[in-house]
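Below is one structure, written out as C-alpha cells; comments come after it.
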Amino acid sequence: MDASPGHSPAAAESLLADAGLCILNVYTFAGKQTMPEPSESRVEEVVARHEVDLDRLKDALGLLGVVPCSWCKKFFRRSDPGALFDAGELVCYGCIHEWWTQRCAQLSIKDRETLESKLVFWLRSQHHAEIFKDPTKLPESSQQELHLIANCLECRGTGKLMGDERCRYCEGRGTVWVIVSRKQA
Ligand SMILES: [Zn+2]
Ligand SMILES: [Zn+2]
C-alpha cells in the first residue's frame, strides 16, 4: 500500500493524532465509574466507533510506511526489506518459521515450490541464510536462529539431474537445509 499523491507524511501524522484522540475518548468514557451501566446498544455503538478509529489508525500507519505482519499483527517499516516477507500476505521475519510450517501444508505442490524458492531467496539475500546439503554438517542447534527444510531447487526435490544423474546440489536427497545462524555478539 503506497501513499497516494496528496497524502504527505504530515497529513498522515495529523490523521494519526486524530484517530488516537478518538480512541482515548472512547477509553475515557468506558473507564468512568460514575457513569450508569451502558446499555447493550450503547456498547455496540462504542465498539463500532472504536473499529472505525482503528481502521483510520491503520490507514494512517500505512501512509507513514508502517504495516502489520499478517501473522502476529505487529507493525513494521515497509522500507526495511528484511522485516517483512511478501507472500501475498506480509509475514515478519520472527513469524517465518511458524507461518511457513503451517502455510506450506495448505499449498498445492506448484504453489509451494514457487513460494518456497521466493522465501529461500529472501532469507539468503536479507538474512544471510546458508544452504546445507548434508544434515550432519549443520551448525550446532544453539547457533541456529532459523531452521527450515526445503526442496532442492536444482532438482526440484527429485534428487536427480538430467535423467538419472545424482543431483550434486543436494547429494541426491532432494532436500536442503536452510539455516540462518545467530549473529555473533
Ligand atoms: Zn509477525
Ligand atoms: Zn537436488
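So which lysines pass the test for residue 110, namely a Cα distance under 19 Å, with those fewer than 8 places away in the same chain ruled out?
Within the straight-line cut-off, residue 110 pairs with 118, 160.
Between the stretch 132-167 and the stretch 95-116, what is the C-alpha centre distance in whole Å?
17 Å
Classify the stretch 24-178 as rounded, prolate or oblate from the Cα gyration tensor: take a ≥ b ≥ c as the square roots of its eigenvalues, call it rounded if a/c is under 1.5, otherwise prolate when a/b beats b/c and oblate if not.
Here the stretch 24-178 falls in the prolate category.
Let a ≥ b ≥ c be the square roots of the eigenvalues of the Cα gyration tensor of the stretch 100-185; is it rounded (a/c under 1.5), or, if not, prolate (a/b larger than b/c) or oblate?
Since a/c reaches 1.5 but b/c is at least a/b, the shape of the stretch 100-185 is classed as oblate.
Under 13 Å from the Cβ of residue 176, count the other residues' Cβ atoms, weight Lys and Arg +1, Asp and Glu -1, and hand me the total.
Value of the local net charge: +1.
So which GluC sites (Glu not before Pro) in the stretch 52-138 end up in coil per DSSP with only 16 or fewer other C-beta atoms within 10 Å?
89
Between residue 45 and residue 182, what is 0.36 nm times their sequence separation minus the Cα-Cα distance? Round to one decimal in nm.
The span from residue 45 to residue 182 would gain 44.5 nm if fully extended.
Return a whole-number percent for the relative contact order of the stretch 127-185, with Cα pairs under 8 Å and 6 or more residues apart as the contact set.
Computed over the stretch 127-185, the figure is 48 percent.
Throughout, read-outs are computed from the coordinates displayed, never taken from laboratory work. Here the structure is a predicted model, which means the values were calculated and not measured. Neighbour counts are summed over all protein chains in view; Cβ atoms, including those assigned to glycine, are modelled from backbone coordinates with ideal geometry.
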